[in-house]
Amino acid sequence: MSGTMPAVVNYAREPLSVELREVAVPEIGERDVLLRVGGVSVCGSDIHQWRGSHSWHVNYPCILGHEFAGTIAKTGARVTNFQEGDRVVSETAAVIDESSPLSRSGLYNLDPSRRGFGYGVDGAMAEYVRVPERCLHRIPAALPFHKAALTEPCCVAYNAVCINGRVRPGDAVLVLGPGPIGLLCAHMAKLGGAGSVIVAGLPSDHLRLRVAQQLGATSTLEGGVAEYIAGVGDGLGVDVAIDASGHSVTLQTALQTVRPGGQIIKVGWGPQPLQFSMDPLVQKNITLSGSFSHNWPVWGRVISMIVSGQIAPDPMISRVSDLPNWLHCFEKMERGEYVKAVLTPETGADDQGSSRSLSLD
Ligand SMILES: [Zn+2]
């Protein structure tokens with residue numbers, strides 16, 4: 001395992017500063033494992049870093065990729081619960097302060113010193129990645145790596161909808177923004193018993209909205225959200241509105257369309273300042289809940305639900321492709337022509353043209 005390996009490296013702040021490089025195989029510490037990557041799915045945040053449009057601090061140069069699964073190739077001297085050959089998925093909190101009050105109460109995802117793979121430390125768009133043992137969860141042989149790589153975004157959605165959210169059987173749920181997280185939030189709302197799950201996007205989201213239907217959405221919209229919601233049920237609005245778009249202004253639509261006493265879950269980021277009044281929040285007695293990342297109990301639950309087939313993210317995977325094909329996958333995802341692409345360092349893994357592919361090429 002000494003020597004070099006191919007890796008997708010984000011090397012500078014300037015837009016388009018990402019390339020495939022030969023880099024050293026990582027050294028591991030006593031409590032780390034060296035993971036041979038089996039699959040790493042591309043996240044919207046990887047695309048933001050490639051475009052230079054991200055709002056978070058990146059430790060350049062940094063290997064991208066934080067949604068991944070693989071096989072343990074080597075263990076550090078003090079690793080006790082895992083061994084070589086184990087198939088695992090990894091959480092994303094690569095660095096935490098284990099003595100912080102938040103970490104001690106299991107909320108290490110909210111620890112301000114948390115740093116994640118792909119921006120804080122080297123990520124998994126490579127042949128190997130160094131992972132602390134505490135991040136690992138075992139997965140069964142029957143779960144393929146390309147599907148296991150989607151555990152992380154499924155955990156984001158589960159935490160938003162099922163832990164921070166309060167979706168009850170029969171609820172009307174509106175999801176604003178049909179990116180991967182929005183689609184998985186729709187899936188979780190359906191699993192949580194929602195009576196109707198409405199997913200709203202733009203005309204350019206055509207493919208994603210088709211996938212929303214496969215994941216359990218009862219209706220999809222390419223615009224006209226407020227008008228549509230006014231005609232649903234008693235016309236007072238939805239019980240829960242989930243803002244999963246990357247634009248601050250979407251919160252205004254959520255405020256407009258949620259019913260009095262209802263809940264807004266904000267899981268989409270948006271650095272732009274708000275240019276509208278928050279008064280409807282007061283007048284309608286709305287609960288506004290932010291949701292960030294996930295922690296150990298969420299991972300345990302989500303993995304068991306993926307293994308049992310209850311969570312079925314398969315329609316999201318538009319393409320599984322070799323690592324050197326990263327740029328094509330980033331471009332296709334950016335244009336909404338792929339919902340999710342999963343990269344793998346295994347050569348010959350490309351499945352373009354298979355029945356899984358939903359791409360337009
Ligand atoms: Zn992600």
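Observations, loosely collected:
- Asp279/Arg31 FRET efficiency (R0 41 Å; Cβ-Cβ; nearest 0.05): 0.20
- Alpha carbon centroid spacing (whole Å) that separates region 226-267 from region 81-149: 34 Å
- Fully extending the segment from Ser113 to Ser53, taken as 0.36 nm per residue of separation minus the present Cα-Cα distance, adds 19.3 nm.
- A Gaussian network model of the chain, with springs between Cα atoms under 10 Å, assigns the largest mean-square fluctuation among Val161, Val282, Val58 to Val282.
- Kirkwood analysis of the chain, using all unique Cα-Cα pairs, places the hydrodynamic radius at 20.8 Å.
- More than 17 angstrom apart: percent of Cα pairs within region 207-300: 58 percent
- 3J(HN,Hα) along region 196-206: 9, 10, 9, 10, 10, x, 10, x, 6, 8, 3 Hz, from the Karplus curve 6.51 cos²θ - 1.76 cosθ + 1.60 with θ = phi - 60°, whole Hz, x for Gly and Pro.
- Within the accessible surface of region 170-225, defined with a 1.4 Å probe on protein heavy atoms only, the carbon and sulfur portion equals 55 percent.
- Estimated D of region 1-45 in µm² per second, where Rh is the Kirkwood radius over Cα pairs and Stokes-Einstein applies at 10 °C, 1.306 mPa s: 124 µm²/s
- DSSP loop GluC sites (Glu not before Pro) with at most 14 other Cβ within 10 Å excluded, longest remaining stretch of the chain: 223-361
- Inter-label distance for His328 and Gln214, nm, one decimal - labels placed 7 Å from Cα along Cα-to-Cβ: 1.9 nm
- Comparing Arg259, Arg104, Arg134 in a Gaussian network model of the chain, where Cα atoms under 10 Å apart are tied by springs, the biggest mean-square fluctuation is seen for Arg104.
- Translational diffusion coefficient of region 111-217 (Stokes-Einstein, Kirkwood radius from Cα pairs, 25 °C, 0.890 mPa s): 155 µm²/s.
- Volume of the Cα convex hull of region 43-185, divided per residue and given in Å³: 153 Å³
- With the simple model of a label 7 Å out from the Cα in the direction of the Cβ, Ile163 to Glu22 spans 4.2 nm.
The values are calculated or read from the model by the stated rules, or taken from the named source; none is laboratory data. Owing to the predicted nature of the structure, the values given are computational and were not obtained by experimental measurement. Here Cβ is always computed from backbone atoms with ideal geometry, including for glycine, and neighbour counts include all displayed protein chains. Keep in mind that these areas ignore ligands, DNA and RNA; they rest on the heavy atoms of the full protein, side chains included. Shrake-Rupley method; radii C 1.70, N 1.55, O 1.52, S 1.80 Å.
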